[in-house]
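*Asks:* Submitted below is the structure of interest, expressed as structure tokens.
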Amino acid sequence: MRPRDPTTVRRGVTAPTLNVISENPAHTAALGAALADWLRDGDVVLLHGDLGAGKTTLVKGIAAALRVIDVVSSPSFALVNEYDGGLLAPVTKLYHLDLYRLQGVDELASIGYEDYISRMDGVTVIEWPERASGSLPERYLLVEITAIGEDRRQLRMAPSPNDETWSPRFADLRRRFDAVNAANGGHQGQ
Ligand SMILES: Nc1ncnc2c1ncn2[C@@H]1O[C@H](COP(=O)(O)OP(=O)(O)OP(=O)(O)O)[C@@H](O)[C@H]1O
Ligand SMILES: [Mg+2]
């Protein structure tokens, strides 16, 4: 019997995950570039991870691959940075939210959070989404980054919900990460 492809499991069953090891910041940026190539307008990516885990490093990799020319950094006063104009098709705009300094859920309305998690004219990437107290987009790709050494990070990715829309795309993402890892010395993507 053929082993069951974990990306075909149905909603309610254990969600498929994709685990990738990054060896250094450049490797994380390269994984971000692979992710960027996969993203489409309307996608939301939630980035979980401790301070210094590498969330912004991943966003920088995404932005560079999308041909964002501005410097991408953690927004320090503004909670949102928007990048548009000349991005790599099919992505029109990149919205980078960093909710670390959110003063409370009331502030979500003033930054237009609900719009960002549902707009179809670009890709939204959110650092510290847990600060939004459970106000999550209908569908998203969750990326959890964990430091497992000085320069080593584990990136664990999972689609939500795990339904028929996401499954084929998630399988495609797996192939893309496998290709990056093959180029970076063969770390597993499972
Ligand atoms: N494999 C790696 N991937 C990403 N960053 C790494 C890696 N190894 C070391 N680092 C370092 O870890 C730090 C990650 O910083 P970064 O700003 O990306 O984290 P962050 O998760 O966005 O933190 P914050 O929650 O403060 O916004 C950088 O100093 C980077 O050089
Ligand atoms: Mg950051």
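Readers should treat all values here as calculations from the given coordinates under stated rules, not as data from a laboratory. Keep in mind the model is a prediction, meaning the values are calculated, not measured. Neighbour counts are summed over all protein chains in view; Cβ atoms, including those assigned to glycine, are modelled from backbone coordinates with ideal geometry.
*Asks:* Measuring from label point to label point, each 7 Å out along Cα→Cβ, what is the S110 to T92 span in nm?
*Replies:* The two pseudo-label positions are separated by 2.9 nm.
*Asks:* In whole Hz, what ³J(HN,Hα) sequence does segment 147-159 give by Karplus (6.51, -1.76, 1.60; θ = phi - 60°), x for Gly and Pro?
*Replies:* Coupling constants for segment 147-159: 6, 10, x, 3, 10, 9, 10, 9, 10, 10, 10, 8, x Hz.
*Asks:* Given the -39500 (n - 2.57) contribution per DSSP H run of 4+ residues, what per-residue ellipticity at 222 nm results for the chain, rounded to the nearest 500 deg cm²/dmol?
*Replies:* Result for the chain: -8500 deg cm²/dmol, rounded to the nearest 500.
*Asks:* Give, in nm to one decimal, the length gained when the segment between D163 and D41 is fully stretched (0.36 nm per residue of separation minus the Cα-Cα distance).
*Replies:* 42.0 nm
*Asks:* To check my understanding: the extent here is largest minus smallest coordinate of the Cα atoms along each principal axis. What are those three numbers for the chain, in Å, largest first?
*Replies:* Extents along the principal axes: 54, 35, 33 Å.
*Asks:* Points 7 angstrom from Cα along the Cβ direction at E130 and A78: gap in nanometres?
*Replies:* 2.7 nm
*Asks:* Between the alpha-carbon centers of segment 130-159 and segment 36-109, tell me the distance in whole angstrom.
*Replies:* 13 Å
*Asks:* Among 106-118, 37-49, 126-138, what's the highest-first ranking by average C-beta atoms within 10 angstrom per residue?
*Replies:* The densest-packed peptide leads the list: 37-49, 126-138, 106-118.
*Asks:* Find which of Y140, H48, P159 sits farthest along the positive direction of the dipole of the chain, computed with +1 on the beta-carbon of Lys and Arg, -1 on that of Asp and Glu, about the Cα centre.
*Replies:* Checking the options against the dipole of the chain, the answer is P159.
*Asks:* Cα axis of helix 25-38 to longest principal axis of the chain: angle in degrees, 0 to 90, nearest 10?
*Replies:* 90 degrees
*Asks:* Can you list residues whose amide H is under 5 Å from V123's amide H, if they're 5+ apart or on another chain and H is modeled 1.01 Å from N?
*Replies:* HN-HN under 5 Å from V123: G42, T92, K93, L94, Y95.
*Asks:* Computed over the Cα atoms, what is the radius of gyration of segment 80-146 divided by 2.2 N^0.38 Å, N being its residue count?
*Replies:* Relative to the 2.2 N^0.38 Å estimate, segment 80-146 comes out at 1.12.
*Asks:* Once fully extended, how much extra length lies between T146 and V71, figured as 0.36 nm per residue of separation less the alpha-carbon to alpha-carbon distance?
*Replies:* The T146-V71 span can extend by a further 24.6 nm.
*Asks:* Treating the beta-carbon of each Lys and Arg as +1 and of each Asp and Glu as -1, no other charges, what is the dipole magnitude of segment 17-183 about its Cα centre, to the nearest 20 debye?
*Replies:* Its charge dipole is roughly 440 debye.
*Asks:* For segment 160-177, what does the Karplus curve 6.51 cos²θ - 1.76 cosθ + 1.60, with θ = phi - 60°, yield as ³J(HN,Hα) per residue in whole Hz, taken in order and with x for Gly and Pro?
*Replies:* So the J values, rounded to whole Hz, are 9, x, 8, 10, 5, 6, 7, 3, x, 5, 5, 4, 5, 4, 4, 4, 5, 5.
*Asks:* Same structure again: Compute the helix-to-body angle for 55-65: its Cα long axis versus the longest principal axis of the chain, expressed 0 to 90° and rounded to tens.
*Replies:* 80 degrees
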